[in-house]
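Written out below as structure tokens is the structure these notes cover.
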Amino acid sequence: MIQEGLLCKELEVLEVRPIPGSPVAHLFLEPLNLPFTPGQFVMLRPKLWEYDPLWPRPFSICDLNSEYLQIFFQVVGKGTNLLLALRPGDKVTCWGPLGQGFPVADRALLLCGGMGIAPFIALCKQHPHPERLKLLFGHRLPLEVYPWQDISDKVEKRASRQESEEELLLFEEELRESIWQYAGKGKIFACGPHPFLKVVHKYLVESKAQGYLSLENRMACGVGACLGCVARTRQGLVQTCTKGPVFKAEELEL
Ligand SMILES: Cc1cc2nc3c(=O)[nH]c(=O)nc-3n(C[C@H](O)[C@H](O)[C@H](O)COP(=O)(O)OP(=O)(O)OC[C@H]3O[C@@H](n4cnc5c(N)ncnc54)[C@H](O)[C@@H]3O)c2cc1C
Ligand code: FES
């Protein structure tokens, strides 16, 4: 079923800010004057695309305020390459905010891998008590390319770079310890690439922690119409774009 009250709006590009020497960039668009929950996403389709690519692309809301909607993206293919080529004044059709974001949490452990940091920038900015948040960030690119400084120092944050198999294994161990230590103390939220989420999911289930994972399944319509984004859950296959992208860890079969 298509979500009710769905907003589709043409937004003007304010700025595209590539991070030199890296495959990532920030896109600033006119704001959507709507409330949102961190973890929700938007579907973007620049007007210049005409019929190629045909489908819009999904991106987490990294920040949304009265001045701009911010997307933090990595160039991986045709659509993201074309996003990088946008210029101020270009128009982008935007559907959103879409999906189910992270639930309210008085205190939480935030686990992010790579571009999975994007929704947590919004969450840390919106949280009334950032000092009650703990964030662990695993990344492959140098830390300077990520919006790390946008996360308040009140958040207990730690970044760890992995450039080898050995470092990945050490980080996996750190994730395991963090999850077991935090289980029972508050909610645990995670966002990142599939292999990262698989590891986090395993320890969340083992420790019976109150965990929530944000999935980045490929999406075409973003509104529940195409069935292109299904995730396997205990209730069967469900659409990630409308039932997620944030799911309770115990409901998911990864
Ligand atoms: C809810 C949600 C939130 C997202 N938030 C962000 C974000 O904040 N920042 C960001 O950079 N990206 C985010 N993504 C991923 C982003 O949508 C894809 O990287 C983008 O659609 C790729 O488009 P493209 O045309 O450049 O790549 P394509 O040309 O379509 O594909 C290029 C390569 O990327 C792979 N790919 C494409 N989409 C995905 C995906 N969803 N997951 C894994 N691999 C993929 C393809 O398999 C292919 O190998 C999010 C995805 C979802 C579902
Ligand atoms: S992307 Fe079309 S149903 Fe989810």
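Okay, residues lined up against (1) out of contact with any helix residue (DSSP H, G or I) (no Cβ under 9 Å at 6 or more places or on another chain); (2) within 16 Å of ligand 2 (Cβ to nearest atom); (3) within 20 Å of Gly113 (Cβ to Cβ); (4) not hydrophobic (A, V, I, L, M, F, W, C):
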site: Cys8; (1), (2), (3), (4): yes, yes, no, no
site: Glu15; (1), (2), (3), (4): yes, no, no, yes
site: Leu27; (1), (2), (3), (4): no, no, no, no
site: Leu44; (1), (2), (3), (4): no, yes, no, no
site: Trp49; (1), (2), (3), (4): no, no, no, no
site: Pro53; (1), (2), (3), (4): no, yes, no, yes
site: Ile61; (1), (2), (3), (4): no, no, yes, no
site: Pro88; (1), (2), (3), (4): yes, no, no, yes
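Taking Glu177, is it in contact with a Lys or Arg (Cβ under 9 Å, 6 or more places away or on another chain) and either on the phi > 0 side of the Ramachandran plot or surrounded by fewer than 20 Cβ atoms within 10 Å (Cβ to Cβ) (or both)?
Values: in contact with a Lys or Arg (Cβ under 9 Å, 6 or more places away or on another chain): no; either on the phi > 0 side of the Ramachandran plot or surrounded by fewer than 20 Cβ atoms within 10 Å (Cβ to Cβ) (or both): yes.
Against the criterion (in contact with a Lys or Arg (Cβ under 9 Å, 6 or more places away or on another chain) and either on the phi > 0 side of the Ramachandran plot or surrounded by fewer than 20 Cβ atoms within 10 Å (Cβ to Cβ) (or both)), Glu177 does not qualify.
Please list, ordered by residue number, the helices (runs of 4 or more DSSP H) wholly in region 149-254 having 2 or more residues that are within 17 Å of the chain's Cα centre (by Cα). If you could, list the steps in order and put the result at the bottom.
Values: elements: 165-182, 194-207, 240-243.
Once the helices (runs of 4 or more DSSP H) in region 149-254 are filtered for at least 2 residues that are within 17 Å of the chain's Cα centre (by Cα), what remains is 194-207, 240-243.
Can you give me the number of residues within region 200-238 that are of a type in the set (D, E, K, R), surrounded by 15 or more Cβ atoms within 10 Å (Cβ to Cβ) and more than 10 Å from ligand 1 (Cβ to nearest atom)? Steps first, answer last, please.
Initially, region 200-238 is screened for residues of a type in the set (D, E, K, R), giving 202, 206, 208, 216, 218, 232, 234.
Applying the additional criterion that residues be surrounded by 15 or more Cβ atoms within 10 Å (Cβ to Cβ) yields 202, 216.
Remaining after also requiring more than 10 Å from ligand 1 (Cβ to nearest atom): 202.
Total satisfying the criteria: 1.
Assuming Val13 fulfils every condition listed in (1) of a type in the set (Val, Ile, Thr); (2) within 16 Å of ligand 1 (Cβ to nearest atom); (3) surrounded by 17 or more Cβ atoms within 10 Å (Cβ to Cβ) apart from one, which condition is it?
(2)
Taking Gly184, is it without any contact (Cβ under 8 Å) to a residue 40 or more places away in the chain, of a type outside the set (S, T, N, Q) and within 16 Å of ligand 2 (Cβ to nearest atom)? Break it down into steps so the answer makes sense when it comes.
Working: without any contact (Cβ under 8 Å) to a residue 40 or more places away in the chain: yes; of a type outside the set (S, T, N, Q): yes; within 16 Å of ligand 2 (Cβ to nearest atom): no.
Here the answer is no, as Gly184 does not meet what is asked.
Could you tell me which of the residues Leu215, Leu143, Leu175, Leu169 is without any contact (Cβ under 8 Å) to a residue 60 or more places away in the chain, assigned by TED's automatic domain parsing to the domain that holds Val238, touching a helix residue (DSSP H, G or I) at 6+ places or on another chain (Cβ under 9 Å) and hydrophobic (A, V, I, L, M, F, W, C)?
Details: Leu143 fails: touching a helix residue (DSSP H, G or I) at 6+ places or on another chain (Cβ under 9 Å); Leu175 fails: without any contact (Cβ under 8 Å) to a residue 60 or more places away in the chain; Leu169 fails: touching a helix residue (DSSP H, G or I) at 6+ places or on another chain (Cβ under 9 Å).
Of Leu215, Leu143, Leu175, Leu169, the one residue that is without any contact (Cβ under 8 Å) to a residue 60 or more places away in the chain, assigned by TED's automatic domain parsing to the domain that holds Val238, touching a helix residue (DSSP H, G or I) at 6+ places or on another chain (Cβ under 9 Å) and hydrophobic (A, V, I, L, M, F, W, C) is Leu215.
For region 22-43, enumerate the residues that are at pLDDT 95 or above and either among the small types (Gly, Ala, Ser) or closer than 21 Å to Lys243 by Cβ (or both).
Across region 22-43, the qualifying residues are Ser22, Ala25, Phe36, Thr37, Pro38, Gly39, Gln40, Phe41, Val42, Met43.
List every residue pair whose Cβ atoms lie under 6 Å apart, where the two residues are 6 or more positions apart in sequence or sit on different chains, the first residue falls within region 47-69 and is part of a strand (DSSP E or B), and the second residue, located anywhere, is more than 12 Å from ligand 1 (Cβ to nearest atom) and not aliphatic (A, V, I, L, M).
Leu64/Phe36; Leu69/Pro31
In the list Pro88, Pro103, Pro35, which residue meets the criterion of being in a loop (DSSP other than H, G, I, E, B), over 28 Å from His139 (Cβ atoms), more than 10 Å from ligand 1 (Cβ to nearest atom) and in contact with a strand residue (DSSP E or B) (Cβ under 7 Å, 6 or more places away or on another chain)? Steps first, answer last, please.
Working: Pro103 fails: over 28 Å from His139 (Cβ atoms); Pro35 fails: in contact with a strand residue (DSSP E or B) (Cβ under 7 Å, 6 or more places away or on another chain).
Testing whether each residue is in a loop (DSSP other than H, G, I, E, B), over 28 Å from His139 (Cβ atoms), more than 10 Å from ligand 1 (Cβ to nearest atom) and in contact with a strand residue (DSSP E or B) (Cβ under 7 Å, 6 or more places away or on another chain) leaves just Pro88.
The values are calculated or read from the model by the stated rules, or taken from the named source; none is laboratory data. Only a predicted model underlies this, so the values are computations on that prediction, with no experimental measurement involved. Reconstructed Cβ throughout: ideal geometry from the backbone, glycine too, with neighbour counts over all protein chains shown.
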